[in-house]
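This report refers to the structure that appears directly beneath it.
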Amino acid sequence: MDLAGKISILADAAKYDASCSTSGSARSNKGGVGNAAVGGICHAWSADGRCVALLKVLLSNACAYDCAYCVNRRSNDVPRTGFEPEELVRLVMDFYRRNYIEGALLSSGVIGCPDATMERLIAVAKTLRVRERFNGYLHLKAIPGASERLVLEAARWADRLSVNIELPSAASLRAVASDKTPAAIFGPMRVLARAGGFEPRRLPATSAQPAVPLQDSPAETPVSFHSQLPAVSHAVRDIRPMEGGADLPARASVMDARALRRRDPGAAVLPAGQTTQMVVGASPESDLHILTLAENLYLAYDVRRVYYSAFVPTGGDSRVPALAGPPLVREHRLYQADWLFRFYGYSAAEVLDPLHPNLDPSIDPKAAWALRHLERFPVDANTADYRELLRVPGIGPRSASRIVRARRLARLSPSALKGLGVVMKRARWFVSCSGTMAVDAGRVLDRPDALASLLRDGADTLLEPLQLEFAF
Ligand code: SF4
């Protein structure tokens with residue numbers, strides 16, 4: 001097969017991997033070729049709406065594993081091919097020199113065994129860095145089950161590594177991707193956390209989230225917040241990312257933990273850290289389950305990003321549901337909830353609870369939380385602290401900071417908020433300025449259903465008629 005044929009197959013096979021985004025590392029050119037910029041590598045959007053980083057390609061799609069959700073699984077009848085490491089090095093350099101790409105995400109099916117595959121990926125990365133003096137962004141996949149030594153070696157050459165958790169429970173891993181084990185996933189994650197200077201943490205108990213066991217011992221009690229979940233809670237019983245390390249003095253929010261963690265985008269080893277990906281919709285876990293696991297991964301392993309990849313049905317495998325199409329709305333809501341962890345100070349237990357284990361597809365999770373906590377509104381923009389402001393739909397980190405700064409100079413009025421970046425069409429129901437609101441929201445705040453209809457995505461065009469209907 002010629003090079004163009006290989007690129008066509010292996011780039012297409014790689015598009016299902018969602019775990020790439022802006023680079024997060026900064027390294028200037030020291031006489032070689034290229035830079036790695038914090039601003040990120042180029043993105044492309046494939047026809048099905050997925051983000052595809054150039055060059056995002058597999059070393060080989062001839063995989064020895066048989067993960068039911070994956071188009072490259074052993075039992076799937078698709079054309080197989082692969083690059084020689086030298087071929088892929090040439091391809092990256094040629095694309096880079098032509099200015100087609102600013103970096104590469106290199107992954108692979110399991111070629112024989114995890115270590116053999118990892119060695120080939122390392123050979124590509126090392127050749128790029130050492131012989132070609134390639135200084136651009138490199139994101140490598142850590143192959144589940146690869147030895148600690150090789151994962152560490154890969155971390156020497158890559159800006160970012162990702163170990164894809166793929167399924168959010170041990171039970172689903174066994175059912176859908178039986179070649180993989182929790183140990184083969186969390187082992188490399190632990191190694192990468194330490195390579196980045198982070199000691200994997202034990203998460204202490206809170207009333208909402210009791211203590212998490214440290215070891216994968218069958219004798220231990222399962223994480224009790226999962227025991228509160230409905231039927232599918234079997235789940236994380238033996239998929240516990242929290243091991244080793246000292247207790248935190250208190251269970252920090254993901255936002256606080258990230259703020260405390262000093263990062264060096266120019267670090268010699270793994271400057272852009274590690275990421276992971278979960279496939280959504282190929283197994284029965286609830287959104288609460290998925291988000292709780294994601295939160296734990298952020299806190300316990302210093303995972304830089306958790307990506308959620310809507311399961312793309314490829315057909316012909318009874319181990320996964322026969323969906324009509326990928327659950328893209330669910331994926332979108334999970335990303336929004338994840339954003340609330342990282343930038344708004346929410347916890348998984350706030351976003352969802354056992355009574356509401358799944359995100360509402362029709363409303364964003366921040367608005368949904370506000371509707372469940374109307375007693376906390378309206379928030380006064382002239383007195384509320386930064387965190388309270390962040391809870392207001394329509395106020396984000398930037399506008400909350402601007403409000404805090406602006407009110408030092410003058411008392412704010414509702415009309416001033418818009419100029420500070422507040423999205424008033426959402427915030428006006430939830431924010432006041434020294435007792436004055438932009439609308440008379442009192443009657444709506446007593447009617448969560450009415451307010452929900454105003455906040456649902458796509459309802460904006462209906463706002464004016466609805467206002468009249470409620471006689472403001
Ligand atoms: S290991 Fe599983 S997910 Fe990865 S390429 Fe092979 S079949 Fe696909």
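The values are calculated or read from the model by the stated rules, or taken from the named source; none is laboratory data. As the structure is a computational prediction, the values presented were derived from the model and not from experiment. Backbone-built Cβ (ideal geometry, glycine too); neighbour counts: all protein chains shown. Just so you know, the surface numbers come from the protein's heavy atoms only, side chains and all, with ligands and any DNA or RNA stripped out. Shrake-Rupley method; radii C 1.70, N 1.55, O 1.52, S 1.80 Å.
Taking 0.36 nm per residue of separation and subtracting the Cα-Cα distance, full extension of the segment from residue 405 to residue 360 would add 12.8 nm. Entry note, region 53-119: relative contact order of 50 percent, from Cα contacts under 8 Å with a spacing of 6+ residues.
With both labels modelled 7 Å from their Cα along Cα-to-Cβ, the residue 436 to residue 380 distance reads 1.5 nm.
Among 99-105, 66-72, 140-146, the peptide with the highest mean count of other Cβ atoms within 10 Å heads the list, and the full ranking is 140-146, 66-72, 99-105. Return the subset of 56/126; 6/30; 56/418; 366/418; 56/180; 141/366 for which the Cα-Cα distance in this structure is over 29 Å, preserving the input order. Correct reply: 6/30; 56/418; 141/366. As a calculated quantity, the FRET efficiency between residue 100 and residue 373 at R0 = 35 Å, using C-beta atoms, amounts to about 0.10. On region 58-166, 48 percent of the accessible area sits on carbon and sulfur atoms, based on a 1.4 Å probe. Extending 7 Å from the Cα toward the beta-carbon at both residue 4 and residue 264 defines two label points whose distance is 4.7 nm.
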